[in-house]
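Colleague: Please read through the structure below; I'll follow up with questions.
The values are calculated or read from the model by the stated rules, or taken from the named source; none is laboratory data. These numbers were taken from a predicted model, which means no experiment stands behind them. Cβ placement follows ideal geometry from the backbone for every residue including glycine, while neighbour counts extend to all protein chains displayed. Surface areas here come from the heavy atoms of the whole protein model, side chains and all, with no ligands, DNA or RNA. Shrake-Rupley method; radii C 1.70, N 1.55, O 1.52, S 1.80 Å.
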Amino acid sequence: MNLVAPTARLIDAASGVILAGAELSVEIDRYAAPYRAFPAGVVFARSDTSVAAVLRYLGAMHADRPVALLDPALDPAVLADFIRRFEPAVVV
């Protein structure tokens, strides 16, 4: 699955670092690899707005995984309840 256009760019607003083209695709592939090893199921992604969080999300999508984005500050008891009720394949 190709998620990004050849002209897509991911820009880190804090540092100004830009990932684009083949370099962006390589990073997405690198982040996708671990998701392929997990059992089938949803990925709970506790995500902020960092470049790493965006790459984790794109990697999961590239690995054809359903993803539920969760607030990284979500109360631990609520997260535990979500895990118990929805049985995700992995929480990142």
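Colleague: Taking springs between alpha-carbon atoms closer than 10 angstrom, which of SER25, SER50, SER15 fluctuates most in the Gaussian network model of the chain?
Modeller: Answer for the Gaussian network model of the chain: SER15.
Colleague: Can you work out the Karplus-derived ³J(HN,Hα) for every residue in segment 3-17? Use 6.51 cos²θ - 1.76 cosθ + 1.60 with θ = phi - 60°, whole Hz, and x for glycine or proline.
Modeller: Whole-Hz 3J(HN,Hα) from phi for segment 3-17: 8, 10, 5, x, 9, 5, 9, 10, 10, 7, 5, 6, 9, x, 5.
Colleague: In square angstrom, what is the accessible area per residue of the chain with a 1.4 angstrom probe?
Modeller: I get 61 Å² per residue for the chain.
Colleague: Something else: What label, among (i) 6.2; (ii) 7.5; (iii) 9.0, belongs to mean projected area of the Cα convex hull in nm² computed from the structure on display?
Modeller: Looking at mean projected area of the Cα convex hull in nm² for this model, the match is (i).
Colleague: Under a GNM of the chain (C-alpha, springs under 10 Å), which listed residue has the highest mean-square fluctuation: ARG56, ARG30, ARG65?
Modeller: Its mean-square fluctuation being the largest, the pick is ARG30.
Colleague: Now, a different point. Considering amide H positions built from the backbone, and no H for Pro or chain starts, which residues 5 or more places from VAL42, or on another chain, come under 5 Å of its amide H?
Modeller: Here the answer is ALA89, since their amide H atoms fall under 5 Å of that of VAL42.
Colleague: Got a sec? Charge dipole of the chain, +1 on Cβ for Lys and Arg, -1 for Asp and Glu; which of ALA73, PHE38, ILE18 is way out at the positive end?
Modeller: PHE38
Colleague: Probe radius 1.4 Å, ligands and nucleic acids ignored: give me the carbon and sulfur share of the accessible area of the chain as a rounded percent.
Modeller: 61 percent
Colleague: Antiparallel versus total DSSP beta bridges in the chain: what percent is that, nearest 5?
Modeller: Around 35 percent of the beta bridges assigned by DSSP in the chain are antiparallel ones.
Colleague: I would also like to ask the following. Any idea what the dipole of the chain comes to, in debye rounded to 20, about its Cα centre with Lys/Arg Cβ at +1 and Asp/Glu Cβ at -1?
Modeller: About 180 debye.
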